Amino acid sequence: MIPPLLPTYNRADIGFVRGEGPYLFDEAGARYLDFGAGIAVNVLGHAHPRLVAALREQAGKLWHTSNLYRVPEQERLGRRLVEHSFADTAFFANSGAEAVECALKMTRRFHYAAGAPQRFRVITFEGAFHGRTLATIAAGGSAKYLEGYGPKMDGFDQVAFGDLDAVRKSTTPATAGILVEPIQGESGIRVPPAGFLKRLREFCDKEGLLLIFDEVQTGMGRTGRLFAYEDEGIAPDIMALAKGLGGGFPIGACLATERAASGMVPGSHGSTFGGNPLACAVGNAVLDIVTAPGFLDRVRSLGGHMQQHLARLKAEHPDVVAEVRGRGLLLGLKLHVPVAEFVAKLRKNGMLAVGSTENVARLVPPLTIDESHLREAMNALSATCISFETEKESV
Ligand code: PLP
């Protein structure tokens, strides 16, 4: 018999009922150090007093009016994201997939409005993840996510991540843009070769293509910059955001330059809920904190320390940990042992992490952790590595 919840997830048998900072508490009252942060979402941890206050205050005033009218909180968030980024304009959605969808539609419209509707194809990269809608699974190209959902939406050409030559070879007169995660998240915190994103920028400029960054996972301070592109000395034409933007409240955004957005006119795109007052009030509160002086410096410094600790963990447990990956607080441990088992054992040791492909455990804690949480995490990680070693010895 089908359960009341559509069985599309292999859920762990644990239900959380309360959160506080980097901790979650389950139904039995047990405490967990949350280095999964709802898959890189809760950038300010759980129940952050300022986010709770912002949501409460807005909830008492107004929830929803629709985009038929001006939405003051949305205007404020849009203006501030524009001020803090390369972009000139923002569209608000409710999720990462919708933000990417808007980016893809905008790319097609840009060329359409420029009199070149034959340019509609987008180059994407192996290992990419852009969401679960029909367009974004086609963009992501993962056989597992596409299975049974044919026909696959046309318009995507996929090449190896980091391979500029392959990008060149796949570019045709029908190519409209390139969609890339500055660091691939779901496929195991894969950092591209140094200079790759800059060369993509140069290539797009030369060929008249739009460069789209999917910063759904990397954005909002996760890598130690507000947006990961800042570390590359370049900027995209379009950027998708979600996850951290609402600190746990659903919101997505598609940011773009005036030029890239030139095809978007009234009626060309829309969303009933996108940018509603509740989501934008929380988004504004997240932005207040993440852009406060010193906040991102702290993320970079903590990220550096955590990388050092993880490098030591790898040195001490070479049969368990194969590699440390990532930047800022977007980190991954490539493992010699099965990641699902590692994450389950870690949970038994009171800590949460998120598995990903390439047998990588993602460590994506709230950006508000301190050194004591780092030490606690390292103790749980060490204990987990040791339990694998002891098992091996006793076999
Ligand atoms: N893009 C990236 C890079 C992601 O990591 C994700 C989600 O993990 C998405 C898009 C899809 O976001 P959502 O699940 O909010 O639709």
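The values are calculated or read from the model by the stated rules, or taken from the named source; none is laboratory data. This is a predicted model, so every value here is computed, not measured. Counting neighbours? That spans all protein chains shown, and the Cβs are built from the backbone with ideal geometry, glycine included. Note: areas computed on protein heavy atoms with side chains; ligands, DNA, RNA excluded. Shrake-Rupley method; radii C 1.70, N 1.55, O 1.52, S 1.80 Å.
Values computed for the structure shown
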| quantity | calculated |
| --- | --- |
| Total charge dipole magnitude, the range 243-395, about the Cα centre, Cβ charges on Lys, Arg, Asp, Glu only, Debye to nearest 20 | 220 debye |
| Signed unit charges on C-beta, dipole axis of the chain, positive-most listed residue Gly45, Ser387, Leu77 | Leu77 |
| Heavy-atom accessible area per residue - the range 2-127, 1.4 Å, Å² | 57 Å² |
| Choice from His130, His84, His373 showing the highest fluctuation, given a GNM over the chain with Cα pairs closer than 10 Å | His84 |
| Relative packing of 226-232, 343-349, 25-31, 6-12, which averages over residues the other C-beta atoms within 10 Å, highest first | 226-232, 343-349, 25-31, 6-12 |
| Helix runs (DSSP H) in the chain reaching 30 Å along axis by Cα, Kyte-Doolittle at least -1.0 | 295-316, 371-394 |
| The chain - share of DSSP beta bridges that are antiparallel (%, nearest 5) | 65 percent |
| Cα-Cα separations in the chain greater than 27 Å, expressed as whole percent | 50 percent |
| Dipole magnitude of the chain about its Cα centre (Cβ charges: Lys, Arg +1; Asp, Glu -1), debye to nearest 20 | 520 debye |
| 10 Å beta-carbon shell around Ala166, net charge (K/R +1, D/E -1) | -2 |
| Built amide H within the under 5 Å cut-off of Phe156, gap 5+ | Val122 |
| For the chain, built as a Gaussian network whose Cα springs stay under 10 Å, the top-fluctuating residue of Val265, Val339, Val324 | Val265 |
| Fluctuation leader among Phe92, Phe203, Phe129 - the chain, Gaussian network, Cα springs under 10 angstrom | Phe203 |
| Intensity falloff of the range 46-201 expressed as log10 I(q)/I(0), Debye formula with alpha-carbon point scatterers, at q = 0.15, 0.18, 0.20, 0.21 Å⁻¹ | -0.97, -1.21, -1.34, -1.40 |
| Selection of trypsin sites (Lys or Arg not before Pro), the range 116-163, meeting DSSP coil and at most 15 other Cβ within 10 Å | Arg132, Lys152 |
| Carbon and sulfur %, accessible surface of the range 209-309 computed with the full protein complex present, 1.4 Å | 54 percent |
